[in-house]
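Taking it in order: structure first as structure tokens, then the write-up.
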Amino acid sequence: MMQILLGLAVIAMLMPVCTLSIAVLCRQTSFDHQIQDEIALTQLRRMLIVADSLEISGAELNMEYQGEIRCLQMVNSNLIMKPGTLIFLPQIEDCRFRKEGNVFLLSWQRSGVTQERAIAYAP
Amino acid sequence: MLRSRRGFVSLFFLTVLMLCSDVAGILLVNICRRAEAAENICRANAYLVQESAVINAVQCSLKNDSLKEGSCETAGTVYTLELTGEGAQVQILQPFPETLILDLDLEEGIFSDYEAIRFDDVSSRIPTTR
């Protein structure tokens with residue numbers, strides 16, 4: 001009887017530690033949008049270096065890329081390049097383009113947090 | 001029959017210590033990987049900035065029909081340009097040495113794509129096993 005109680009006491013004492021550990025591990029191993037977004041934006045910047053005739057039209061960024069007219073816009077909560085379905089930023093709530101001087105800026109909102117990055121330079 | 005329960009406290013704390021060590025180890029590895037990814041992204045962006053400056057300058061010269069071979073400097077980036085049969089080859093000397101192979105149509109004045117050869121590529125830094 002004593003041993004059972006002792007075992008239960010050990011389990012009860014270890015439970016909070018285990019719960020906390022699992023919570024921390026779950027948070028740490030969850031999908032990291034921050035790094036993924038930065039990688040996607042680096043790829044987008046590389047494409048926009050090659051692109052020509054960048055032009056903001058409402059919530060879209062139009063360009064000429066390798067002889068084709070392409071458009072970067074938000075469709076179904078994803079920032080995609082059309083024609084096609086090349087997804088750059090998934091699961092976003094809002095997306096806007098603006099030009100400040102010679103720099104094109106992209107701002108997007110995910111989980112209520114708005115971020116903005118420079119994506120292209122057009123002298 | 002007497003049973004000794006000495007060591008129960010130390011065993012309990014040993015278990016907690018091992019658990020905490022494991023979690024701390026996993027967290028540390030995770031943080032290291034994220035830091036490495038962030039460093040790689042920073043490096044890639046630094047390369048892109050100089051590539052953008054060089055390509056803008058080349059495109060400008062191409063459109064003005066004044067593309068010439070030789071050493072040039074634009075926006076703090078020093079490079080040498082060499083025209084080839086399929087386009088041009090650019091050797092960036094500063095700030096980050098690399099080679100760009102540009103696909104250009106010199107007659108039409110069209111820049112279509114480029115390939116970058118970076119000397120500090122991650123693949124070239126993988127140690128070889130002996």
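Read-outs throughout are calculated quantities, based only on the coordinates presented, and are distinct from any laboratory measurement. This structure is a prediction, so every number in the text was calculated from the model and none was measured. Note that each Cβ is placed from the backbone with ideal geometry, even for glycine, and that neighbours are counted across all protein chains shown.
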Quiz prompt | Virtual spin-label span in nm between B:ASP22 and A:GLN28, 7 Å along Cα→Cβ | solution = 1.3 nm
Exercise. Using a Förster distance of 35 angstrom, determine the FRET efficiency expected from the C-beta separation of A:GLU93 and B:ALA75, and round it to 0.05.
Key: 0.50
Quiz item: Where does helix A:2-29 land angle-wise versus the long Cα axis of chain A, in degrees 0 to 90, nearest 10?
Solution: 10 degrees
Quiz item: How far is it, in nm, from the label point at A:ASP52 to the one at A:LYS82 when both lie 7 Å from their Cα along the line to the Cβ?
Solution: 2.4 nm
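Going by C-beta contacts inside 10 Å, put A:SER107, B:SER71 in order with the fewest on the left.
Listing A:SER107, B:SER71 from fewest to most nearby Cβ atoms yields B:SER71, A:SER107.
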Exercise. Have a look at B:LEU48, B:LEU93, B:VAL16 and report the one farthest towards the positive end of the charge dipole of the stretch B:15-130, computed about the Cα centre with Cβ charges (Lys/Arg +1, Asp/Glu -1).
Key: B:VAL16
Practice problem: Would you mind working out the magnitude of the charge dipole of chain B relative to its Cα centre, with +1 at each Lys and Arg C-beta and -1 at each Asp and Glu C-beta, to the nearest 20 Debye? | Solution: 1920 debye
Quiz item: Taking every residue in A:30-40, how many Cβ atoms of other protein chains lie within 10 Å of its Cβ, on average?
Solution: 2
Quiz item: Relative to the longest principal axis of chain A, what angle (0 to 90°, nearest 10) does the C-alpha long axis of helix A:33-50 take?
Solution: 20 degrees
Quiz item: Each residue of the stretch A:115-123 in order: what ³J(HN,Hα) in whole Hz does its phi give by Karplus 6.51 cos²θ - 1.76 cosθ + 1.60, θ = phi - 60°, with x for Gly and Pro?
Solution: 10, 9, 9, 7, 10, 7, 10, 10, x
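Please list the equivalent ellipsoid semi-axes of chain A, computed as the square roots of five times the alpha-carbon gyration tensor eigenvalues, in descending order and whole angstrom.
Ellipsoid half-lengths, sorted descending, are 49, 13, 12 Å.
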Exercise. Grab the eigenvalues of the alpha-carbon gyration tensor for chain B, scale each by 5, take roots, and send me the semi-axes largest first in whole angstrom.
Key: 59, 14, 11
Quiz item: What's the average, rounded to a whole number, of partner chain beta-carbon atoms within 10 Å of each residue's beta-carbon in A:42-52?
Solution: 5
Quiz item: Taking the Cα centre of each part, how many Å lie between the stretch A:1-80 and the stretch B:13-85?
Solution: 20 Å
Quiz item: Taking only the alpha-carbon atoms of the protein assembly as shown, what semi-axes of the equivalent ellipsoid follow from 5 times the gyration tensor eigenvalues under a square root, in whole Å, largest first?
Solution: 54, 24, 13
Quiz prompt | Estimated dipole of chain A in Debye, rounded to 20 [Cβ of Lys and Arg +1, of Asp and Glu -1, Cα centre] | solution = 220 debye
Quiz item: Mind checking the angle between helix B:8-63 and chain B's longest principal axis? C-alpha axes, 0 to 90 degrees, to the nearest 10.
Solution: 0 degrees
Quiz item: Which of the aspartates and glutamates could a cross-linker span from A:LYS99 if the Cα-Cα distance has to be under 16 Å and same-chain partners fewer than 8 positions apart are dropped?
Solution: A:ASP52, A:GLU55, A:GLU60, A:GLU116
